[in-house]
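Have a look at the structure below, then the notes.
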């Protein structure tokens with residue numbers, strides 16, 4: 001049976017279209033994907049991301065252990081610094097991508113909703129050193145407040161100067177008397193904050209944020225716009241662009257792999273892959289005409305199949321079809337023109353960097 005997040009009643013009150021997603025009843029949209037997408041690009045919107053998983057690591061060796069189960073270098077994190085990372089299987093396939101929060105007395109791992117139980121079991125199976133591991137997902141509510149107006153909205157609710165909270169940093173503080181973990185990361189390309197709270201405060205926190213954002217036209221945002229915003233930034237989605245059959249080097253995530261650090265799960269196979277060279281690469285593809293590439297469609301160079309689409313959608317900010325896909329390395333150069341084989345072939349071009357290049361994140 002699908003779970004409800006602590007904000008479920010708020011979604012119903014706001015006439016959200018509820019669907020089942022990753023085992024939760026979640027709003028896919030409220031007034032529509034495109035107006036919600038544009039609200040976040042232009043002003044500010046609020047996402048319920050309480051379905052995400054939270055695993056807490058405590059104990060004297062917590063950072064050492066997290067360094068062992070993730071690819072990035074957690075030992076380099078200052079207190080209250082946040083890091084994007086991956087966990088790997090022994091063959092270098094990706095267990096999940098996640099955020100690592102190095103808090104004063106614990107490390108908080110924030111994982112993808114559909115992977116929470118799998119990730120938790122994986123972490124437990126690989127437990128070593130002096131650590132305690134707890135899945136606290138069911139006790140936590142989480143909201144993401146995203147958009148160029150996120151800071152003035154949120155500043156009304158905090159005594160701390162939010163302009164001093166830098167990108168990929170966090171703080172444990174109070175929001176009008178309610179204890180929260182407040183961070184500045186986000187998955188939209190815009191400036192924004194995440195608020196983690198005890199679920200018993202959910203209704204109060206929601207109401208405070210919407211009251212603070214009234215002057216800015218703040219809106220609730222559903223999963224649909226969350227995906228288009230994420231995709232325009234070319235951020236990977238687990239289950240589409242990365243999974244256990246892909247490795248971080250071919251997925252363009254070598255920047256979160258520290259091969260020079262000590263032992264970590266998947267290190268040896270990654271070193272071998274790096275030595276022999278990747279065979280394919282995850283690339284961004286912009287449609288040159290009409291048409292929207294879709295997941296699983298083949299990518300061709302002339303008559304030859306050279307890859308496949310992992311994600312595809314219409315980009316509201318660019319008003320064109322965009323996609324990501326794995327392409328054989330020889331054909332994966334920026335500027336190459338290829339075809340995606342839909343009902344009609346769609347001509348696409350490989351682009352560098354994000355599709356949307358005007359985000360407000362700091």
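Structure remark: mean-square fluctuation, Gaussian network model of the chain, C-alpha springs under 10 Å; the largest value among 268, 250, 304 belongs to 304. State log₁₀ I(q)/I(0) for segment 216-337 at q = 0.16, 0.22, 0.23 Å⁻¹ as given by the Debye formula over alpha-carbon point scatterers of equal weight, solvent excluded. With one equal scatterer per Cα and no solvent, log10 I(q)/I(0) is -0.84, -1.29, -1.37. Shape descriptor for segment 68-182: Rg over Rh equals 0.99 (Cα atoms; Rh from the Kirkwood inverse mean 1/r). Matching the structure-derived log10 I(q)/I(0) by the Debye sum over Cα atoms at q = 0.06, 0.13 Å⁻¹ against the labelled list (i) -0.32, -1.02; (ii) -0.19, -1.00; (iii) -0.22, -1.08 gives the label (iii). Placing dummy labels 7 Å off each Cα toward the beta-carbon, the span from residue 130 to residue 349 is 5.9 nm. Placing a pseudo-label 7 Å from each Cα along the Cα-to-Cβ vector at residue 34 and residue 214 gives an inter-label distance of 3.1 nm. Our summary of shape: the Cα atoms of segment 1-151 have principal axis extents of 49, 37, 29 Å, ordered from largest down, in whole angstrom. Residues 324, 1, 175, arranged from fewest to most other Cβ atoms within 10 angstrom of their Cβ, appear as 1, 175, 324. This ranking places 221, 322, 350 by how few other beta-carbon atoms lie within 10 Å of each, fewest first, which gives 350, 322, 221.
Name the shape class, rounded, prolate or oblate, that the alpha-carbon gyration tensor gives for segment 136-247, where a ≥ b ≥ c are the square roots of its eigenvalues, rounded holds for a/c under 1.5, and otherwise prolate holds if a/b is larger than b/c and oblate otherwise. Display every interim value, and only then the final one.
Numbers: a/c = 1.77, a/b = 1.53, b/c = 1.16.
Judged from the Cα gyration tensor, segment 136-247 comes out prolate (a/c at least 1.5, a/b above b/c).
Cβ-Cβ distance of residue 117 and residue 274, R₀ of 22 Å, FRET efficiency by 1/(1 + (r/R0)^6): the value works out to about 0.10.
For the chain, modelled as a GNM whose springs connect Cα atoms under 10 angstrom apart, the maximal fluctuation among 114, 22, 104 occurs at 104. The value of relative contact order for segment 282-362, using C-alpha pairs under 8 Å at least six residues apart, is 36 percent.
What Kirkwood hydrodynamic radius, in Å, does segment 279-362 give when the mean of 1/r is taken over all pairs of distinct Cα atoms and then inverted? With all distinct Cα pairs of segment 279-362 included, I get 12.6 Å.
Just so you know, the averaged projected area of the alpha carbon convex hull for segment 119-174 sits at 6.1 nm². Comparing Cα centroids, segment 80-150 and segment 267-319 end up 27 angstrom apart. First measure r as the distance between the Cβ atoms of residue 263 and residue 167, then evaluate 1/(1 + (r/R0)^6) with R0 = 25 Å and state the FRET efficiency to the nearest 0.05. My answer for the efficiency is 0.25.
Between residue 174 and residue 244, the contour length at 0.36 nm per residue exceeds the Cα-Cα span by 21.3 nm.
Each helix, a run of at least 4 DSSP H residues, gives -39500 (n - 2.57); summed and divided by the residues of the chain, these come to -5500 deg cm²/dmol at 222 nm.
Values quoted throughout were computed directly from the atomic coordinates according to the rules given, and no laboratory measurement underlies them. The shown structure was predicted, so the numbers you read here are calculated from the model rather than taken from an experiment. Glycine gets a Cβ as well: all are built from the backbone with ideal geometry, and neighbour counts include every protein chain shown.
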